[in-house]
Amino acid sequence: MRRLLYWLTWPIRILLRLLWRFVVWLTWPIRALAARLIAFFNPPDPEEVSMTDALAHTLRNPADLLPHLEELRVRILWALISLAISTALSFLFARQLLEFLAEPIGGLGVLQAIEVTEPIAVYMRVSLLAGVTLAMPAILYQIYQFISPGLRRSERRMLLFIIPFATLLFGLGLTFTYYIMLPAAIPFLVQFGGIHTIPRPDNYFKFVTSLLFWIGLSFQMPLVIYALAAAGLVKARALAQYWRFAIVGIAILAAAVTPTVDPVNMGLVMLPMIGLYFLSILLAFIAQRGRERRRKPE
C-alpha cells in the first residue's frame, strides 16, 4: 500500500519540486537585493583603534595603505563617470534650463551677448552645474562607501539620515531663491537709478547660479548644528541662550549673500534662516538626547 501511494503521488511531488525551484529562481533577484540592503544598513562595527595607534601602525607598515588608495581610486573613477554622464545629459536640455533660469529677468530675449564665445560658455557652465546637481547622489554614495568601513553602526545610520535631508534642504534653498529671492532682487538691480540695463548672458547666469548655490548651501545650517551636537561640540541650551548673537550672525551672512543692499531683500534671506536656526535648536536637542542614551550603557 505504501509503495502504491508513493508511485501515485510521485508526479505530484515532482510537480511541486519544479514549482518550488521556479519560485526560488523567480525570487532570486529580490532575495539578493534584500540581502545586499541588509548588509548595507547593518554592516559589522569596525575594531576600536585610537588615532595614535592607527597612525603608528601606518608609519610602520605603509604598504597597508595601498588597498585603501586603490579603493579611493575606484570610487573617484565612478564619481567622475557619473558626473560625465549627467553633464552630457544636461547638455541635451541646456536650452530648456537656460530658458527656465532666464524667466525672472524676462526670458533669453532680454539678454545680449557681446562676445562670440559667450553663448557656448554659458551653455557649458549651466550644463556642468546641472550635471553636478544630478550626479550628487551618486557622488555622495561613493563617498559613503569609502568612509563607511571606519564608522560605527550609529554613525552610518546618522550619515544615511543626513544625506537625503541635506538634499531636501538644498532643494528648499534653491526653490526659495528662484521663486522668492530672484523676482524681488532682479527688478531692483536692473531698474536701479533709472539706468537702462541690458544684461549679458555670462554675467546674468553667473549671478543667478552663484546666488542659488550660496543660499542653498546656507540652508544646510540645521544639519551642521545637528552634526556638531551629535559630536558633543554644541549644546541646545547654549544655542537657545545666545539666539540674539545668532541673529546678528545671520544678518551678517544675509548681507554677504544678498546681491542688493536694500533691507527688503536682506530680510527675505534672514527670515527663513532665523526659522532654520530655531529648527537647529530642536535638532540639537534631539541629537544631544541620543548621545546621552548611547553613553548610558558605557
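The values are calculated or read from the model by the stated rules, or taken from the named source; none is laboratory data. A quick note: this is a predicted structure, and the numbers were derived from the prediction, not measured. Note: ideal-geometry Cβ built from the backbone for every residue, glycine included; neighbour counts use all protein chains shown.
What is the residue count in region 254-277 for residues that are modelled with pLDDT of 80 or more and either touching a helix residue (DSSP H, G or I) at 6+ places or on another chain (Cβ under 8 Å) or more than 20 Å from Gly173 (Cα to Cα) (or both)? Qualifying residue count, region 254-277: 6. Any residue at all in region 100-110 that's under 23 Å from the mean Cα position of the chain (by Cα) and free of Cβ contacts under 8 Å to residues at least 60 places away in the same chain? The answer is yes; a qualifying residue exists. Test Thr87 against the stated conditions and say whether it is surrounded by 15 or more Cβ atoms within 10 Å (Cβ to Cβ) and at pLDDT 90 or above. Yes.
If the condition is being closer than 19 Å to Trp78 by Cα and loosely packed, with under 15 Cβ neighbours inside 10 Å, then region 104-142 contributes only Pro137. Of Leu77, Leu140, all but one fail to be among the hydrophobic types (A, V, I, L, M, F, W, C) and farther than 25 Å from Pro222 by Cα; the exception is Leu77. With the structure loaded, tell me whether Phe165 is in contact (Cβ under 8 Å) with a residue 12 or more places away in the chain, surrounded by 18 or more Cβ atoms within 10 Å (Cβ to Cβ) and part of a helix (DSSP H, G or I) or whether it fails that test. In short, no.
Counting only residues that are modelled with pLDDT of 75 or more and basic (Lys, Arg), region 278-298 holds 1 of them. Counted as qualifying within region 175-265 are the helices (runs of 4 or more DSSP H) with 1 or more residues that are basic (Lys, Arg), namely 201-218, 236-241, 243-257.
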